[in-house]
1. Please go through the stretch 255-285 and pick out each residue that is more than 14 Å from THR319 (Cβ to Cβ) and surrounded by fewer than 19 Cβ atoms within 10 Å (Cβ to Cβ).
2. Of these, ASP449, ASP463, ASP457, which one is of a type in the set (Asp, Glu), touching a strand residue (DSSP E or B) at 6+ places or on another chain (Cβ under 9 Å), open to solvent by 40 Å² or more (accessible area, probe 1.4 Å) and modelled with pLDDT of 95 or more?
3. Out of (1) within 25 Å of TYR393 (Cα to Cα); (2) surrounded by 20 or more Cβ atoms within 10 Å (Cβ to Cβ), the odd one out for PHE362 is which?
4. Can you give me the number of residues within the stretch 293-348 that are open to solvent by 10 Å² or more (accessible area, probe 1.4 Å), part of a loop (DSSP other than H, G, I, E, B) and either of a type in the set (S, T, N, Q) or without any contact (Cβ under 8 Å) to a residue 24 or more places away in the chain (or both)?
5. Going through LEU388, LEU381, LEU373, LEU411 one at a time, which residue ends up being touching a Pro at 6+ places or on another chain (Cβ under 7 Å) and either closer than 14 Å to GLY106 by Cα or touching a residue at least 24 places away in the same chain (Cβ under 8 Å) (or both)?
6. Would you pick out the residues in the stretch 229-254 that are open to solvent by less than 20 Å² (accessible area, probe 1.4 Å) and either aromatic (Phe, Trp, Tyr) or part of a loop (DSSP other than H, G, I, E, B) (or both)?
7. Give just the number: which of (1) surrounded by fewer than 22 Cβ atoms within 10 Å (Cβ to Cβ); (2) more than 25 Å from PHE212 (Cβ to Cβ) does HIS403 not satisfy?
8. Considering only residues that are open to solvent by 10 Å² or more (accessible area, probe 1.4 Å), in contact with a strand residue (DSSP E or B) (Cβ under 9 Å, 6 or more places away or on another chain) and at pLDDT 95 or above, which ones fall in the stretch 80-98?
Amino acid sequence: IFATQCRRFAGAKNKHETPSIYRPFLRFFSRMLYFTVSHIISLLVVLAFLSCSLLTQVAADRWCADNPKDTIFRRLGTKTPYRHVQNKDIRNIATVDGCTVSKIWGLFRHGTRNPSKSIIDHMRGTLVELQRDILENGRLCREQLELFERWKPRVTVEEAKLLVREGGDELHQLGARFRQRFGQTLPAHYDADEFRFKYTKTERAEYSARNFTHGLFGRDEPIQYPEALRRDPVLRFYKGCDKWKRQVKENPYSYREMDRFGSSKEMRTVIEKLSKRIGTFVSPEEVHAIYQTCAFETAWSEREISPWCLLFDKESIATMEYNEDLKYYWVDGYGYALTYQQACSAFGDLFERFDNATSPRFTFYFTHSGTLLKSIAFLNLYKDNEPLAAQHYRYKRKWRVSHIDAFGSNLYFVLYNCLNGTQSIALYHQERLTRIPGCPEETLLCSYDHFRQLYADRIAQCDLSTMCSEPHVPSLQKDEL
């Protein structure tokens with residue numbers, strides 16, 4: 001086209017009539033134009049290729065959680081739902097030839113609840129801001145971004161710590177399975193001379209008890225509950241232990257290992273991963289708020305997945321779980337002797353009810369995480385050879401609160417009377433027959449005389465007023481995180 005226009009300009013009808021003076025210029029400009037067009041086409045091809053590559057790279061940089069329900073399974077600390085640890089096998093009971101169930105005594109943690117006020121404040125403040133960051137700058141795949149678009153806080157501070165529907169169902173089903181396991185022993189109807197049910201002075205413990213009894217009897221029964229106490233010396237003994245509160249719970253040294261782990265390479269990696277996925281830097285406190293929200297929203301519903309859980313991979317969630325284990329080991333477990341020594345008050349009640357022929361045969365107490373963990377340590381259950389420490393993250397451990405202290409956790413003893421005049425005792429944890437530390441290893445049942453002897457000195461010396469006396473010092477309310 002260019003050559004034709006040039007010929008016309010020169011007055012030539014075809015290329016043969018083109019004046020010779022113009023021919024070199026025409027050849028030159030034609031070739032230049034040819035190469036220019038070729039280069040433009042090549043450049044466009046390269047640009048298209050680079051665009052596709054960049055888009056592929058962007059997609060590859062986006063985090064997309066794979067099988068998130070499996071990632072968080074039994075990894076949510078004390079907020080793990082009971083369905084993660086329950087035992088539906090009703091055949092898992094101790095049977096002894098010539099022996100029958102005489103008495104049962106048990107501690108039951110309340111079912112799934114709402115978070116505390118401090119965590120709800122984080123849900124309604126911190127997480128709403130992070131949600132905005134995720135939607136504007138987040139590096140998540142499209143379908144998971146859509147879950148964040150639909151997310152909104154579901155609880156208000158007025159609903160803090162109340163039992164939720166899932167929590168009621170957990171205890172109702174637990175009561176029904178209890179009936180299936182021990183139905184031949186348990187009376188079909190409530191009798192105050194046979195049963196003792198008691199709960200702490202909290203809504204979540206009360207309605208856990210009511211749901212459990214409805215599952216146990218299959219109907220509402222006119223149950224006589226004793227007066228509920230805020231500082232119950234059996235169900236919540238630590239609430240009256242000022243010395244423990246001052247020297248352990250409010251002592252910064254108790255959180256030393258957790259603080260050290262918070263500065264570890266593993267925890268820094270979690271913060272870096274979440275910051276990249278969210279699209280903005282997140283603080284350690286914000287990471288904990290995300291973990292707690294993931295846990296509570298998971299516990300609330302089996303069918304739904306909390307979008308906040310999608311931010312974690314398996315290594316990240318395992319790191320957060322270990323952080324929880326360190327906290328509860330040192331504050332509610334084996335960290336300090338006083339913590340579990342005070343549980344002698346609860347086990348003194350066990351021996352009193354097992355040894356007294358006139359006491360109700362079946363005792364069920366509905367309580368809290370602190371009671372279960374201290375009682376577990378009192379019994380020497382799940383005790384590791386070395387104290388949990390920040391640098392032991394990679395070690396295999398027994399103390400895992402996701403397994404041993406989920407919502408609805410339970411610890412109960414069954415006493416058997418045998419035809420030969422002896423008595424045996426069995427321990428169940430999370431509805432599973434569990435060996436009692438200090439009893440012969442070859443059997444899951446233990447001689448009751450031997451069991452009593454294991455704890456005789458601690459029960460005889462159990463005086464909470466002496467053990468726990470400490471001047472009261474007012475303290476500021478703490479953020480649970």
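1. Correct list: TYR255, ARG256, ASP259, SER275, LYS276, GLY279, THR280, PHE281, SER283, GLU285.
2. On inspection, the qualifying residue turns out to be ASP449.
3. (1)
4. 3
5. None of the other options fit; the residue is LEU381.
6. Selection gives ASP232, LEU235, PHE237, CYS241, TRP244.
7. (2)
8. If the condition is that a residue be open to solvent by 10 Å² or more (accessible area, probe 1.4 Å), in contact with a strand residue (DSSP E or B) (Cβ under 9 Å, 6 or more places away or on another chain) and at pLDDT 95 or above, then ASN87 is the only one that fits.
The values are calculated or read from the model by the stated rules, or taken from the named source; none is laboratory data. All figures in this text were calculated on a predicted structure; none of them were measured in a lab. Heads up, the Cβs are rebuilt from the backbone with ideal geometry, glycines too, and the neighbour counts pull from every protein chain shown. Just the protein is used for accessible areas: all its heavy atoms, side chains included, with ligands, DNA and RNA removed. Shrake-Rupley method; radii C 1.70, N 1.55, O 1.52, S 1.80 Å.
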